[in-house]
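Undergrad: This structure is in structure tokens; I'll ask about it shortly.
The values are calculated or read from the model by the stated rules, or taken from the named source; none is laboratory data. Treat the numbers as computed from the prediction; the structure is a model and nothing was measured. A quick note on method: Cβ atoms are made from the backbone with ideal geometry, for glycine too, and the neighbour counts reach across all protein chains shown. The protein model used for the area step is the full one, side chains on, heavy atoms only, and it has no ligands, DNA or RNA in it. Shrake-Rupley method; radii C 1.70, N 1.55, O 1.52, S 1.80 Å.
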Amino acid sequence: MEGLENMAFIASAVSLVTYLMGYMNFGLTKSVNTVTNFMGTSFILALLGGVIADTYLTRFTTCVLFGFLELLGYALLTVQAHFDQLRPTPCTDISKQCEAANTGQAKILYTGLYLIALGTSGVKAALPLLGADQFDSKDPKEAVQLSSFFNWFMFSLTGGSIVGVTFVVWISSKKGWDWGFGVCTIVVLFAIVLVCIGKPFYRDNALKGSPIIQILRVLTASICNRYLPIPRKEDELYEVYDKRTQNETLQRTNQFRYTFYNLASVHDLTTWGTSAAMTPGPWRLSTVTQVEETKILLRMLPIVLSTVFINTCLAQLQTFSIQQSMTLDTHIFGFEIPASSIPVIPLGFNLIFIPIYERIFVPLARRITGISTGIQHLQRIGVGLVLSTISMAISGVMENKRKSVAVKHNMVDSNEPLPMSVFWLGFQFAVFGLSDMFTLVGLLEFYHAESSAGMKGTSTALSWFSLAFGYFISSIVVEVVNKASGGWLASNNLNRDQLNYFYWLLSGLSAVNFVIYLVSASWYKYKNVKEMKQEEISIHGFAAN
């Protein structure tokens, strides 16, 4: 399902700027910001999908329901692209002011786009968890397979993307946008059907209540107990042990040891006594595990925030870099490659590198470190951030070369392709492709491994939230840079813009962001699961011991 769904999503994303400029008559900056806002919304809504998958619907049901919403979005865009009266007259001369889409046409466009955004958000939040549910992390053999699953999940995502940016984009450019969006509609329908076929074989998650309600309970209990002293001994805090429930029990961590949140698990024995029947309700008293689950989310926030900027850089490769490719020679061996298909370069590298990473690097690293994943999740994310910084620097160098070719051949204001192969952009795409592989998979593994059973959907959705926030910041960065620089990116003519300066600025900011990440990662403490030795239920740690 991920391969097919992402095939449609990426095919639309990489070519959407071209569609908005050429068929909806938006300007370059508006087109870029529309795409980044659309992509940002697609991923930020994953938090909603994660909460729904944890609280109200199973992960399987969430995948199917949101898949149908995405299907409706593609169907609506197909209809608009097919009927001329639903969109403005295509603009063929960029030197003239063309009539942009009217209010009604824009409403159809945005309705279709944001149905897709809502649909893909739910799928991307629940689907990796549905796959991860098929493995028992407590079983040593299945724990290794769980780590492999995330790599192969990325492999499927990449494979679908390759087909999307080649086959589907080719259909859009040669047969028409109605055909392109129509293929996306059919592909998503097949994705839904295929995941439904596997329903009888799935392990599906049991709903454990709303993680948001749980966090609110911890905060409320902390306020209620604000005048009570925090015990220095862990076994004096409230905890419930029940081996029959198979729920993990977390030990209190040293981070936030004497903070406000720990008050939620302070049991006032003078008021309530030791009897289980007299234990206050969940809004007055929380277990140590529930408090630690809340603290885990707090500890994750610096990691989330320090991985946002890499996605701001990613947004440039899906927008400005696509526009770069449209000014270059896209022929190879006599075949013309659509400019929107250029992202196949980093995807191709990933398709080769993921099996090498999984089959060669991880086993070797596992022998050295003794860690099932080869290296720790935070180390993997850090490697991706370094590669992102390098990619942005390379992007600046390549843009500088592209502009020099335009000046040398007196083609600054020409609409003809420059005598420079589009595959020069392959360097920046390839390095960033590896960066994305390290970072995205590392984040998915990290959030899944560190979050509690009842918060896995919400926590895993944070990886997509990081992606979303990066796209939103991209829109802000473009606007701010334009104003502060006097118009580095203000023209519709890249040959006259200063995109190379913009890329170098992003590289410098990425380096600063990496330093912030190092501080955040060194501060983070991994969760500590306590082994339960009690067969019976105990309401106090000291009573159980």
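Undergrad: List the number of the failed condition for Tyr447; all other conditions in (1) out of contact with any Gly (no Cβ under 9 Å at 6 or more places or on another chain); (2) crowded, with 19+ Cβ neighbours inside 10 Å; (3) at pLDDT 85 or above hold.
TA: It fails just one condition, (3).
Undergrad: If you go through the stretch 50-58 one residue at a time, do you hit one that is more than 19 Å from Ser121 (Cβ to Cβ) and more than 21 Å from the chain's Cα centre (by Cα)? Write out each step before concluding.
TA: Step one: filter the stretch 50-58 for residues more than 19 Å from Ser121 (Cβ to Cβ), giving none.
No: zero hits.
Undergrad: Also, quick follow-up: Go through the stretch 396-423 and give me each residue that's more than 30 Å from Ser510 (Cα to Cα) and at pLDDT 90 or above.
TA: Selection gives nothing.
Undergrad: Kindly provide the set of residues from the stretch 288-317 that are among the charged types (D, E, K, R) and open to solvent by 10 Å² or more (accessible area, probe 1.4 Å), ordered by number.
TA: Just the residues of the stretch 288-317 that are among the charged types (D, E, K, R), to begin with: 292-293, 295, 299.
Listed by number, the list holds a single entry, Glu293.
Matching residues to (1) closer than 20 Å to Leu425 by Cα; (2) surrounded by fewer than 19 Cβ atoms within 10 Å (Cβ to Cβ); (3) outside the structural domain of Ala449 (by the TED database):
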| position | (1), (2), (3) |
| --- | --- |
| Ser463 | no, no, no |
| Ile473 | no, yes, no |
| Glu479 | no, yes, no |
| Ala484 | no, yes, no |
| Ser491 | no, yes, no |
| Asn495 | yes, yes, no |
| Tyr503 | yes, no, no |
| Val512 | no, yes, no |
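Undergrad: Hey, another quick one. Just for helices (runs of 4 or more DSSP H) wholly inside the stretch 1-100: which have at least 1 residues that are under 30 Å from Ile215 (Cα atoms), of a type in the set (Gly, Ala, Ser) and in the same structural domain as Ile186 (by the TED database)?
TA: Working: elements: 2-22, 28-44, 46-55, 59-82.
Answer list for the stretch 1-100: 28-44, 46-55, 59-82.
Undergrad: Just give me the residues in the stretch 123-147 being modelled with pLDDT of 85 or more, open to solvent by 10 Å² or more (accessible area, probe 1.4 Å), within 22 Å of Ile371 (Cβ to Cβ) and in a helix (DSSP H, G or I), in sequence order.
TA: Gly131, the sole residue that qualifies.
Undergrad: A follow-up question, please. Name the residues in the stretch 360-414 that are open to solvent by less than 40 Å² (accessible area, probe 1.4 Å), of a type in the set (Ser, Thr, Tyr) and either in a helix (DSSP H, G or I) or in contact with a Leu (Cβ under 8 Å, 6 or more places away or on another chain) (or both), would you?
TA: Ser388, Thr389, Ser391, Ser395
Undergrad: Based on this model, can you work out whether Pro363 counts as more than 17 Å from Gly433 (Cβ to Cβ) and free of Cβ contacts under 8 Å to residues at least 12 places away in the same chain?
TA: On the way: more than 17 Å from Gly433 (Cβ to Cβ): yes; free of Cβ contacts under 8 Å to residues at least 12 places away in the same chain: yes.
Considered against the rule, which asks whether it is more than 17 Å from Gly433 (Cβ to Cβ) and free of Cβ contacts under 8 Å to residues at least 12 places away in the same chain, Pro363 comes out as yes.
Undergrad: While we're looking at this one, here's another question. Within the group Ser147, Ser42, which residue is under 30 Å from Gly176 (Cα atoms), in contact (Cβ under 8 Å) with a residue 12 or more places away in the chain and among the hydroxyl-bearing types (Ser, Thr, Tyr)? Explain how you work it out, then say what you get.
TA: Details: Ser147 fails: under 30 Å from Gly176 (Cα atoms).
Residue meeting the stated conditions: Ser42.
Undergrad: Assess whether Phe150 counts as being open to solvent by less than 10 Å² (accessible area, probe 1.4 Å) and in a helix (DSSP H, G or I).
TA: Yes: the conditions hold for Phe150.
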